[in-house]
Structures are given as C-alpha cells and as structure tokens.
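Presented below is the structure to which this report refers.
The values are calculated or read from the model by the stated rules, or taken from the named source; none is laboratory data. Note that the structure is predicted; figures quoted are calculated from it, not measured. These accessible areas exclude ligands, DNA and RNA; they are computed on the full protein's heavy atoms, side chains included. Shrake-Rupley method; radii C 1.70, N 1.55, O 1.52, S 1.80 Å.
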Amino acid sequence: MADMDNKDQAELDPADLEDVEDVEEEETGEDVNSKARQLTVQMMQNPQILAALQERLDGLVGSPSGYMESLPKVVKRRVNALKNLQVKCAHIEAKFYEEVHELERKYAALYQPLFDKRSDIVKAAYEPTEEECEWKADEEEELTEEMKEKAKVEEEKKDEEKEDPKGIPEFWLTVFKNVDLLSDMLQEHDEPILKHLQDIKVKFSDPGQPMSFSLEFYFEPNEFFTNTLLTKTYKMRSEPDENDPFSFDGPEIMGCTGCTIDWTKGKNITLKTIKKKQKHKGRGTVRTVTKTVPNDSFFNFFTPPDVPESGDLDEDSEAVLAADFEIGHFIRERIVPRAVLYFTGEAIEDDDDDYDEEGEEADDEEGEEEGEEENDPDYDPKVGRRAYC
C-alpha cells in the first residue's frame, strides 16, 4: 500500500504540485490575515493607542502630500516665485476692499436721509402723505374698482373702532421676532424694553481711521435704563496676515466693544438673584445664601467677552464671539437696509426661497449621479457603489 502511495505521488504532474503549494500558501495567508484582524480589533479597543493615533492624524492635517518635495530644485524655485506673486495679489485685493469700504461710506450718506425718514414714520414724528402711502400690492392688481372701494370702507370702519396708533408700534421688536438669528437671542423679559427701540443705524469709521463699523440702537425714554443710545463697535482688518498671507479672503472682524447700560435700580434683566441653601459641615445648621448670577438676555449683546492681547480665548468665549460677529454683520448687511421687508416677512420669504432652490439643486444633482451610476456597467446596486474586479 505504501508503494502505491509513493507511485501515485511520483506520477503527479508538476503543475498539480504547484497548485497544492499555492493553496497551502493561501491558507497560511488567511491565517495571518485573521490574526492581523484580531490584533487590530484589540488595538482599536485600547484608549491609549486610539489617542496616540488621533494625535498622529491631527498632525497630518494641512501637511503637504509629498509631491512638492519630489519636485526638482529648479522647479521649486519657480513655484516660490509664483507664491510671491500670490502674496502681491493678496495685498492688491486688500486695497480693493479698502476702496469698497470707502464706497460703502459714500453711499451710506446717500441712504441715511431715507433711513431717517423711515425712523420718523416709525416713531410718529412724520405722517406720510397720501401719495407716499400709495402701494400697489400684487394681489390688488386684479381687483375691480368696486372691490377696492369696498375694501377701503371696511378698513376705515376697523380703524374707527380702534384707538389711533402712533407711528408703527413695535416695529423693531417685530423685525427681531421675525428673524431666527435674532429671535433666538430674545427672552420674554427683553420684549417690554425693545418696544421702546426707535431706530438702528450703521456708522462707518472715518476716512484714514482703522476699518470698523458701529451699530447704534436708539431708544425712547423708558423705565428700564437712562440711556437713549446703546452702541456696539466692530473692529475689522483688511490686510493679509504676515504669517499666513494666503488665508486672506477679504475683511474680517477682529474684535468688538459694547457699552455700559445705566440700568434703573431693580430693572437690570441681565442679572438675576438666586437663593441657595448651605449646610454647615460641623454644626449641621442650614443657612440661605443669596447670589447674583448672569441672566440670559438680548442686552448681553452689549457686553461681549474681552479679547486679550494674545488673542487666546477659551472655547466658550470663541463660540460667543463667533455668534456675535455673525449677528453684527447680519444687522449691518440685511436688517438695517431692509428693515420694512423683515417687518412684513417678505425678506424672510426670499431667504426661504433661496434655501429651497439650493435644496432642489442638490436633489437634482443627486438624481443625476444616481442615474449615471445605474448606467455604469461596473455599478453594483447591492452595495450602492462601483464594484471593480
């Protein structure tokens, strides 16, 4: 029997022996891969190894891919020349934005008489004429003269039944409540104060001064504070950073300063009083301690965190300032120029339409991509991606 086995082995084709060896190697490889996977799982469950790996990955963010290092020295020199040209482009761009700022200042002076008249109408300092009040709304275009007259009579009847309001009551409060970015800041105890807000103005820095802008909030006399004007100033920078010139992307807000609110006694809504019970460790007696702590309010907007000279801030302060800069920019760019449209809600509808259009475009793009994948012969619908052999 043993002789037969030896004979069979001798008669085996050399190619068959190669196949056997290959199978054995593959099986050995699978065992190695299995052990490697088990080791990987064990390593990924070790917090210290995960932390070290994350630290290594963080260090790779923004690092060069290695392509530049592979270039010949003479090519690297030419690339450096291109980068120097790019720095010069950044400085020209900074000049462009400085001139834009000058244009903003120029046209702000042209807008201001219109904004002043708006303010006079809101606070009842000026009553617009019949001609100034004429407005043809879209839904009125198809109304007959008879229907218009009937609607006019009904409106006059309603007006007679109500007290004659002065100006446009709660104009700015309504604007704030209609805008999500601002309404998120409002608390119920802010509203009675904001009913006294009569106007918001934007003031740009004078020529030759560092770039900045101020938001000026004008209040009528009220029971909450003695100020008639509250201000918030945003300092801007419109020049490339010497240490990182390629990051320049136009003017950026570098910091802001508020103002002191002279609250009437007992009316400071940015603070609240809480009572806390404390137990003495030794005697076991209990006492009640009264503490004054910060309170959520829109008026905290006028006391932003101080930015140290080093520029280092904790995460909470950075988040507060980032939100503050966004709000200040939005008030300057959108709220003040288009206040009446935010009062009526028309500007909000326009904003919503913009988002809907972006969403539809995104959906269309996704649909196109799905169609392309389905037509791809290498597309595997089971895994939702191309399956390459």
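Rolling a 1.4 Å probe over the protein chains gives Lys76 an accessible area of about 70 Å². Compactness check for segment 77-353: Cα Rg over 2.2 N^0.38 Å is 1.34. Spatial offset of segment 213-247 relative to segment 254-319 amounts to 22 Å, using the alpha carbon center of each. Exposure check, 1.4 Å probe, all protein chains in place: Phe176 carries approximately 0 Å² of accessible surface. Note on segment 205-347: Lys pairs 8 or more places apart or on different chains, Cα atoms under 27 Å apart, count 17. Proximity of backbone amide H atoms, modeled 1.01 Å from N, is registered between Phe219 and Gln198, Leu229, Leu230 at under 5 Å, excluding neighbours fewer than 5 places apart on the same chain. Ligands, DNA and RNA aside, Lys201 has an accessible area near 50 Å² when probed at 1.4 Å.
Between Asp314 and Leu39, residue separation times 0.36 nm minus the direct Cα-Cα distance comes to 95.1 nm.
Full extension of the segment from Met254 to Asp206, taken as 0.36 nm per residue of separation minus the current Cα-Cα distance, would add 15.5 nm. The 1.4 Å probe gives accessible areas that order Cys133, Cys256, largest first, as Cys133, Cys256.
At 0.36 nm per residue, minus the direct Cα-Cα distance, what do Asp296 and Ala81 gain on full extension? Give it in nm, one decimal, please.
Extra length from Asp296 to Ala81 when fully extended: 72.1 nm.
Proximity of backbone amide H atoms, modeled 1.01 Å from N, is registered between Asn295 and Leu271, Lys272 at under 5 Å, excluding neighbours fewer than 5 places apart on the same chain. Once backbone amide H atoms are built at 1.01 Å from N, Arg338 has no partners under 5 Å, excluding neighbours fewer than 5 places away on the same chain.
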